[in-house]
Every structure is written in C-alpha cells, then in structure tokens.
Amino acid sequence: QVQVVESGGGLVQPGGSLKLSCVASGRIFSISNMDWFRQTPGDERELVATITKGGDTLYTDSVKGRFTISSDYAKNAVYLQMNSLKPEDTAVYSCWVRAQVHSGALYENYWGQGTQVTVSS
C-alpha cells in the first residue's frame, strides 16, 4: 500500500558530498516521521537522522555538523545532505516512514530498499 524509494547513493571520495532522497507513495493519509538509517555488513542498523512533521530533527553524534536532514511533507519526501564524508560513513542508507493509510488507521512503519553509499579514495 505504501512504497518507499531512495535514490542518490554512490561512490564519493573522502571529504566529498552526496544528497540522498526518499519519496513515499501509494495510499498515504498522513506521515508522522521520516528517518534515515544506515547499516554495514555485520552491524545493527543505526539511526542517522530523524525529522518530524513539525520540523524537529535529531542526529546521531557521529554525523552532527556534517549531515542535514530536510523534508517536504507535501511531497512525502525526505532528504539527507551529507557533507565532509568519511570512509566510516560507508553503508547502505535506508529510509523509514511512519505513515497512516487512512483516517483512523494505526500508523505503520515502511522501509525502502536502501541505497549504497561508499566513501573511498
């Protein structure tokens, strides 16, 4: 019912920048949160940044000052601007959306398929 698609990943040199995009589509009545997570092989998925519909943001300590999350809830979209990238930022980045498919429905969690970000010289 709800599809989540990320884009914008790729290979970048240390110190470089990338901007990830995520768009949710389908039967969506309301979205309360849109987050970015990342995961490397063998590690647990890590919350990178979150933004509420009211615009409140939260970042994991390792990306503060380098990454910026923004959103356009009218377009059901969330973005992650990543600057000063480091090799340790290499991971699959996934978008998480908490959405309601109709008025009165419970909010449910939806995930995208992920986009690979590789930081290497």
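Overview of results
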read-out: Failed criterion for SER71 (all others in (1) assigned to a strand (DSSP E or B); (2) closer than 21 Å to THR118 by Cβ; (3) open to solvent by 30 Å² or more (accessible area, probe 1.4 Å); (4) small (Gly, Ala, Ser) hold); value: (2)
read-out: The one condition in (1) of a type in the set (S, T, N, Q); (2) under 12 Å from the mean Cα position of the chain (by Cα); (3) outside any strand (DSSP E or B) that SER84 fails to fulfil; value: (2)
read-out: Tally of residues being under 11 Å from VAL78 (Cα atoms) and not aliphatic (A, V, I, L, M) across segment 8-54; value: 9
read-out: Residues of segment 99-110 that turn out to be part of a strand (DSSP E or B) and over 13 Å from GLY26 (Cα atoms), as a count; value: 2
read-out: Odd one out for ASN109 among (1) polar (S, T, N, Q); (2) without any contact (Cβ under 8 Å) to a residue 60 or more places away in the chain; (3) over 18 Å from VAL2 (Cβ atoms); value: (3)
read-out: Candidate set: segment 52-68, residues that are part of a helix (DSSP H, G or I) and touching a residue at least 12 places away in the same chain (Cβ under 8 Å); chosen: the one least open to solvent (accessible area, probe 1.4 Å); value: VAL63
read-out: Count of residues meeting criterion [crowded, with 18+ Cβ neighbours inside 10 Å and acidic (Asp, Glu)] in segment 76-121; value: 1
read-out: Tabulated pairs, segment 20-40, first among the aromatic types (Phe, Trp, Tyr), second open to solvent by 50 Å² or more (accessible area, probe 1.4 Å) and not in a strand (DSSP E or B), C-beta under 8 angstrom, 6+ apart or interchain; value: PHE29/HIS102; PHE29/SER103; PHE37/ARG45
read-out: TYR73 being at pLDDT 95 or above and hydroxyl-bearing (Ser, Thr, Tyr); value: no
read-out: Scan of segment 1-51 for residues that are among the β-branched types (Val, Ile, Thr), assigned to a strand (DSSP E or B) and surrounded by 14 or more Cβ atoms within 10 Å (Cβ to Cβ), ordered by number; value: VAL2, VAL4, VAL12, VAL23, ILE31, VAL48, THR50, ILE51
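The values are calculated or read from the model by the stated rules, or taken from the named source; none is laboratory data. In this text, all values refer to a predicted model and were calculated from it rather than measured experimentally. Here the Cβ is made from the backbone with ideal geometry for all residues, glycine too, and neighbour counts use every protein chain on show. In case anyone asks, the SASA skips ligands and DNA or RNA and just uses the protein heavy atoms, side chains included. Shrake-Rupley method; radii C 1.70, N 1.55, O 1.52, S 1.80 Å.
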